[in-house]
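Working notes for the structure below.
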Amino acid sequence: MIDAARELFLERGYATTTIAAISRRANVPEPTVYRLFSSKLGILKVLLDVSIAGDDEPVTVPGRPSVAALFDEPDPHKVLAGFAAITTQINERTNDLYNVLSRAADADAEAAVLFGTLRQQRDRGQEQIVQALHRKQKLRAGLKPAHAADLVHALMSPEVYRLFVTDRGWSPAQFQQWATQILIQQLT
């Protein structure tokens, strides 16, 4: 069902994808789709959650070992390189679905709420990296944590990833390298 929903959202967009179409594509009865996901938006949320995390394990992104290790790393350049790598991987997995949700949010109030929730989660996660650097006194002299968080929010946004990778044809590796360099330059 998840694969069928992903295919349909990417082929048709959110608005024109129906539970009935997902049911047909997945060869699963409609009531089963509703029972498992409750709505079309529920399916999109699950797709995004799995794409953000990279799997369906019930572990938050900050609780994952690769992310948790960044908070203990004393070298700020390694912290930012690791953060850029993780964010690039998330953007690779979510790029197309994020675009589906972004467009859906323009016309659907419930999708707009989900879009806002995902942005808030991203902001909180990014702020944790900034706070870790601030606690270790690794932020550039004179750079306030709130301003650093603003820089991270803008530079590591899905929109910037999309501009470079989708619109300008950069590889994810090129984006990751650039993001690492610009984060180090701007924050330390």
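Taking a probe of 1.4 angstrom, what is the accessible area of D55 in Å², to the nearest 10?
Approximately 50 Å² for this residue.
Could you work out what % of the accessible surface of the chain is carbon and sulfur, using a 1.4 angstrom probe and leaving DNA, RNA and ligands out of the count?
The computed percentage sits at 53.
Mean-square fluctuation check for the chain, GNM, Cα pairs under 10 Å: which of T16, T87, T166 is largest?
Fluctuation is largest for T16.
Considering only the other residues whose Cβ falls under 15 Å of the Cβ of Q181, what net charge follows from Lys and Arg at +1 and Asp and Glu at -1?
Once positives and negatives cancel, what remains is +2.
Using modelled amide H (1.01 Å from N, peptide plane; none on Pro or chain starts), what sits under 5 Å from the amide H of R140, excluding residues fewer than 5 places away?
T188
Only one of the listed values, (i) 43, 36, 31; (ii) 43, 37, 35; (iii) 58, 34, 28, was derived from the coordinates as Cα extents along the principal axes in Å; which label is it?
Of the listed options (i) 43, 36, 31; (ii) 43, 37, 35; (iii) 58, 34, 28, (iii) comes from this structure.
What are the ³J(HN,Hα) values, in whole Hz, obtained from phi via the Karplus relation 6.51 cos²θ - 1.76 cosθ + 1.60 with θ = phi - 60°, for each residue of region 180-185 in sequence order, with x given for Gly and Pro?
Karplus values, whole Hz, x for Gly and Pro: 4, 5, 6, 5, 4, 5.
Along the positive direction of the dipole of region 2-136 (beta-carbon charges: Lys, Arg +1; Asp, Glu -1; about the Cα centre), which of I86, V33, P62 reaches farthest?
After comparing all options, I get V33.
Taking the solvent-accessible surface of protein heavy atoms with a 1.4 Å probe, what is the per residue accessible area of region 87-135 in Å²?
Here the residues of region 87-135 average 53 Å² of exposed surface.
So, taking all protein chains as they sit and a 1.4 Å probe, how much accessible area belongs to H134, in Å² rounded to tens?
80 Å²
What nm distance separates the two modelled labels at L10 and I184, each placed 7 Å from Cα along Cα→Cβ?
In this crude label model, L10 to I184 measures out at 3.3 nm.
Quote to one decimal, in nm, the extra length available between R103 and S39 on full extension: 0.36 nm per residue of separation minus the C-alpha distance between them.
21.3 nm
Which of these, G42, G142, G116, has the largest mean-square fluctuation under a Gaussian network model of the chain (Cα springs below 10 Å)?
Among G42, G142, G116, the largest GNM mean-square fluctuation belongs to G142.
When the solvent-accessible surface of protein heavy atoms is calculated with a 1.4 angstrom probe, in what order do I2, I19 fall, highest first?
So, going from the largest accessible area down, we get I2, I19.
Let me know the charge dipole size of region 1-138 about its Cα centre in debye, to the nearest 20, where only the beta-carbon of Lys, Arg (+1) and Asp, Glu (-1) is charged.
Value, rounded to 20: 180 debye.
Can you give me the Kirkwood hydrodynamic radius for region 6-107, using every pair of distinct Cα atoms, in Å to one decimal?
15.4 Å
The values are calculated or read from the model by the stated rules, or taken from the named source; none is laboratory data. Keep in mind that this is a model prediction, so the values were computed, not measured. Every residue, glycine as well, gets a Cβ built from its backbone with ideal geometry; the counts of neighbours run over all protein chains shown. We work out accessible area using only protein heavy atoms, side chains counted, and drop any ligands, DNA or RNA first. Shrake-Rupley method; radii C 1.70, N 1.55, O 1.52, S 1.80 Å.
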